[in-house]
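Peer 1: Just dropping this structure here.
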Amino acid sequence: MKSMHLGIPFAAALVAASFSAPAQAAEPASCPATLQHVFPRLQDEKPQSLCQYSGKVLLVVNTASYCGFTGQYEGLEQLYARYRDQGLVVLGFPSNDFAQESGNNQQIAEFCANTYGVKFPMFAKSSVTGAQASPFFRQLAEATGQKPRWNFYKYLIGRDGKPVASYSSMTGPDSKGLLRDIERQLAQPVPGAR
């Protein structure tokens, strides 16, 4: 294969490549603004677009390995297993904002898998509150009027990509109110589905 010089031929190749992948080119138009973010996956730090979860009901949780609420990992995994076939995805975002997640991404991934059997999507450690909060968490806080006050704070996002509720760390994954809200969102039709 002939190599290209950086410059116009390279730019032309990039443009041509972008037209050869219509699914990716079409993704931003069908992806709600709330989900137009990319985060590194926890296990291997490969970039993951949240747009892949368009049309799903999302429970977004900021997590930590050394917190009194860390046991919620087990309930979150059970919740994910129970409802994922209906369209629920739990998304975990480890954070050290409350000084209870000191490990690196590899250590966090091993802890979650080995201790709690976590299989729901987890992302690299990031900030969820304050001036350094990720744009995604800033959007969630603005939409709900609540920023995470502690680890295992939860946001529920409907199939349309709009945040519908937030829940304190005290709200466990088996809370009747949370389950009722999740089921209500799962009952909604997928936008654009026929």
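The numbers here are math on the coordinates, done by the rules we state, and not lab data. On a predicted model such as this, the values are computed, not experimentally measured, just so you know. Here Cβ is always computed from backbone atoms with ideal geometry, including for glycine, and neighbour counts include all displayed protein chains.
Peer 1: Per-residue counts of other Cβ atoms within 10 Å, averaged by peptide: what ranking do you get for 53-63, 129-139, highest first?
Peer 2: The packing order, highest mean first, is 53-63, 129-139.
Peer 1: Out of the DSSP beta bridges found with both residues in segment 32-186, what percent are antiparallel (nearest 5)?
Peer 2: The antiparallel fraction comes to roughly 60 percent.
Peer 1: Also, I was wondering about something else. Label point 7 Å out from Arg184 along Cα-to-Cβ: which residues of segment 129-155 have amide N under 17 Å?
Peer 2: Hits in segment 129-155 for Arg184 at 17 Å: 144-145, 154-155.
Peer 1: May I ask which residue of Ser65, Gln107, Ser127 lies farthest towards the positive end of the charge dipole of segment 32-186, with charges of +1 (Lys, Arg) and -1 (Asp, Glu) on Cβ and the Cα centre as origin?
Peer 2: So the residue we want is Ser127.
Peer 1: Of the peptides 144-156, 173-185, how do they stack up when ordered by the mean number of other Cβ atoms within 10 Å, highest first?
Peer 2: Going by the mean number of other Cβ atoms within 10 Å, highest first, we get 144-156, 173-185.
Peer 1: Let me ask another. Only Lys, Arg, Asp and Glu count, each charged at its Cβ (+1, +1, -1, -1), so figure out the dipole size of segment 32-186 about its Cα centre, rounded to 20 debye.
Peer 2: It works out to roughly 360 debye.
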